[in-house]
1. Any residue at all in the stretch A:151-169 that is in a helix (DSSP H, G or I), within 21 Å of residue A:87 (Cβ to Cβ) and out of contact with any strand residue (DSSP E or B) (no Cβ under 8 Å at 6 or more places or on another chain)?
2. Among the helices (runs of 4 or more DSSP H) contained in the stretch B:114-193, which hold 3 or more residues that are at pLDDT below 70 and farther than 30 Å from residue A:84 by Cα?
3. Which of the numbered conditions does residue B:86 fail, given that it passes all the others? Conditions: (1) part of a helix (DSSP H, G or I); (2) touching a helix residue (DSSP H, G or I) at 6+ places or on another chain (Cβ under 9 Å); (3) at pLDDT below 85.
4. Given the structure, is residue A:130 within 14 Å of another protein chain (Cβ to nearest Cβ), touching a helix residue (DSSP H, G or I) at 6+ places or on another chain (Cβ under 9 Å), modelled with pLDDT under 90 and assigned to a loop (DSSP other than H, G, I, E, B)?
5. With respect to the numbered conditions (1) within 14 Å of chain A (Cβ to nearest Cβ); (2) surrounded by 10 or more Cβ atoms within 10 Å (Cβ to Cβ), which one is the sole condition not fulfilled by residue B:64?
6. If I filter the stretch A:64-85 down to residues being buried (at least 19 other Cβ atoms within 10 Å of the Cβ) and at the interface with another protein chain (Cβ under 7 Å from one of its Cβ atoms), which single residue comes out as nearest to residue B:69 (Cα to Cα)?
7. Quick check on my filter: what residues within the stretch A:100-114 are surrounded by 14 or more Cβ atoms within 10 Å (Cβ to Cβ), without any contact (Cβ under 8 Å) to a residue 40 or more places away in the chain and not in a helix (DSSP H, G or I)?
8. Check A:73, A:95, A:121 and return the single one that is assigned by TED's automatic domain parsing to the domain that holds residue A:164, farther than 19 Å from residue B:278 by Cβ and not in a loop (DSSP other than H, G, I, E, B).
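The values are calculated or read from the model by the stated rules, or taken from the named source; none is laboratory data. Keep in mind that what you see is a predicted model, and the values were worked out from it rather than measured. FYI the Cβ positions are ideal-geometry reconstructions off the backbone, even for glycines, and counts take in every protein chain you see.
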């Protein structure tokens, strides 16, 4: 296994971000799904060696990040896209990626220039290489973050909401790029986009309140909601969630009545069964 | 453009020019001619291999890159600092903020000193050690360096980054404070008496940063310093003598603080790495 997390807990004051969290991930693309505050970012920061766990053990690429020598070696083999890259607004795109390349020990100037050109081309930012970061749109900044994470073709790619703010064309390009990396290396990404998970991920981990609710393939996740999704003319009492779909029928999730018109669940349905219903238990019903 | 001469380099001369084997005179003539003669430029194309072209391009890029770097970075490189260290030192906006902060405070202190009022001069000396303390904290506090999380995930050592930035800002702000303090009428001894406490406070900020945020560390050190000034001043004379803290016992206390801070910093330096277990 490329990533092995065992009984890891992390607290920030009175808030428990991860609670005896355990997961093992191999090569390929793994998606972390979960609501805001579920613990996804905390887990990714621990994997990226920028946050130590309070308890439990972590092994990444066979290395123990709690040991200084292993941590250094891991950082050499890691690409990390934080939720907020924090790129310096006064820098140009090329200047910032070059800066990160220097931090990543790309000391040969000509090789570094070629590598910077390569990653900018990969994320389609070559035409913006000399634009100031303050002038970039949110999607472009995300691509800039992805570019620096790809420097040096890392063995492990940790991406915190990499597709946020990307337009449909760029999302397709992002999927193409990440799936290519995931063919022989490990990519762990967090997302709120269930369609990205369906399109990209070999594995999916659903996280809520610092715990693993589900770990399996996207198709297994979708199958876990079999018999819980149905269609009818109007909302029924057993529905935890219901909405009118494009064809005018009402798609419902919950406990179907006898003889209900069951439909094949999607990943989003299964995610809502696992997490959404629980979250909505405490919420006020929406009046339209 | 039409060439001003009827001379054209032949294929052998062009090849020698491309291979850097033409000799100074022929090379200069060929180069001048090529600038003006489109026909000869076309004749040159087959003689230049893609490898040679890539080398020329790379060399040109190197020169352009070097020219693009800020003059401060070029100076640091000439002083022997490595490229990574120079870039890390100057990259963060926090460095610029810290320096502007230092310059602004030094100018303010200078203006106070310009009044030549003994009370204001005393105040200047009391607050002088706090200038490098605040500027040092501002140079690496996470709230000022937005890309610090990203930096922490790279192999570049966090301890080195902090020491480089803290050292550079401390030296610059101390120099500014010396300039401001030199405007005072109390002579060299009075002017430099605050330097040792300032160095001790800077290292104390770094040592405290192994436990708390850099801004909090600077706040604790500043509060501690003002308490020391108050305690020493009232212990010796009434009314308050704000400069009593700079006497011999104050200097010895600074040495003791410096020693303790160095030991703490060395022993707990691993805590400056955000990925290190507590």
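1. Step one: of the stretch A:151-169, the residues in a helix (DSSP H, G or I) are A:168-169.
Filter again for within 21 Å of residue A:87 (Cβ to Cβ), leaving none.
Among the residues of the stretch A:151-169, not one is in a helix (DSSP H, G or I), within 21 Å of residue A:87 (Cβ to Cβ) and out of contact with any strand residue (DSSP E or B) (no Cβ under 8 Å at 6 or more places or on another chain), which makes the answer no.
2. Correct list: B:118-127, B:158-181, B:187-192.
3. All conditions are met except number (3).
4. Against the criterion (within 14 Å of another protein chain (Cβ to nearest Cβ), touching a helix residue (DSSP H, G or I) at 6+ places or on another chain (Cβ under 9 Å), modelled with pLDDT under 90 and assigned to a loop (DSSP other than H, G, I, E, B)), residue A:130 does not qualify.
5. (2)
6. Applying the filter and picking the extreme gives A:85.
7. Across the stretch A:100-114, the qualifying residue is only A:105.
8. Only one candidate passes the filter, namely A:73.
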